[in-house]
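Read-outs throughout are calculated quantities, based only on the coordinates presented, and are distinct from any laboratory measurement. These numbers come from a predicted model, not from an experiment. All Cβ positions, even for glycine, are placed from backbone atoms using ideal geometry, and neighbour counts span all protein chains on display.
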C-alpha cells in the first residue's frame, strides 16, 4: 500500500521547479563493490594489488524521474549527485490500523527525504528551510479519493533533525560522502496518511507466467535524435514557430537528395548519385593531367604556338646560332644549300648544321628524281 501512497505524495512534490530528480518509494539495496586496483613496483617488478571488496548499500527505486539520465535502465540509484539541485525520495516506515467514524482505516507512515545542492540555488544557505515549508504546504490539504484509496488525508507528523544521519542506513562510496557536508543540505519530513481501501479498485492477482519482465518506462531527458518531426511540430506539445524557424530547426528536410548533374561548359558529362563523388580528369592528348582550380573555375593554360620552321639564309648564319635549340617539332632550313635539319630538343642550330646526321633535302620530280646538294643537282637512282 505504501508504494501507492508514495506515488500520490510524489505527484504533489514534483510540481516544484527546483525538484530535479524524484522517485517514489525506495528500499535499501546492498551489493558487493570490487576493491580498487593499485600498481606497485618492487625490485624492478610491476605488481598489482586489489583492495578488499566492500558491501555498499544505497536507496533504489524503480520509478525515478531523472532528466539527466540518458540510458534505458529503469532501476536507478538515488545517491547525492552534484549535477542536481535536489533529489527527493520516500522511505517506507510501515502501515498501522486506525478507525474513523466506526470504519476501519489504514495509516501509512512514510518519510520524505530531500537532498539539496545550494550551489545550484543561488548559494542560498536557507534554501532547505524554504523547500521544507513548500513541501509541508503541498502535503497538507483536504481529504480526497484516488482509485484504490478513499478519504485520503495527509498529515505532516515531524521534521527529523537535519544532517548526514538521515542517510545512516546507507553506506555511500567515499566519493559521495563529501555531498553530505556544506554547501550541501538535507532534510526529512515524516508523513502520516490516513485512508480507507477501496475494494472495488483492487486488481486481482494474475497467475499467468510471463517470459520476460519489462521495466516500466521512466520519465527522463530524451536526446534530440529520439524525437520525430511529428512530435516536434505538434501544435500543443511541440516546439514554437520561432524554434522551428530556419535559424534553429528545419523539420522539412530529411531523406536522400536527388542525383547531381556535372556540366562542363554547359555539356552534361556525369550524374553522380546522392552522396557520391565524381572525379573527372582533364588531360592533354598525351594523357597528362593539365589545368588548375582558380577563382571557382578550372583553368587550362595553352602554351604559345611555336614556329615550326627556323630559316637561315646560309650555312654561316646557321653556324652562328649557338644559342638556339630547336624543339623536336621544329625544323632548321638553310636556304642557300636547301638542306633541312630536324630539331631534337638537345642540340643547338649550330650543332645540327655542323655535324649533320639527319637532314632533309629538296627533291624534284621530272621524269626522275633530282636532288640538289650544295647547289649541284643530282639525279637519284633507286636500286630495287
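Averaged over residues, the count of other Cβ atoms within 10 Å places the peptides 310-318, 91-99 in the sequence 310-318, 91-99, highest first. Between residue 171 and residue 314, the simple spin-label model (points 7 angstrom out along Cα→Cβ) gives 12.0 nm. Grab the beta carbon distance between residue 97 and residue 142, set R0 = 22 Å, and tell me the FRET efficiency rounded to 0.05. Plugging the Cβ-Cβ distance into 1/(1 + (r/R0)^6) gives 0.40. Peptides 142-148, 165-171 ranked from most to least packed by the mean count of surrounding Cβ atoms within 10 Å: 165-171, 142-148.
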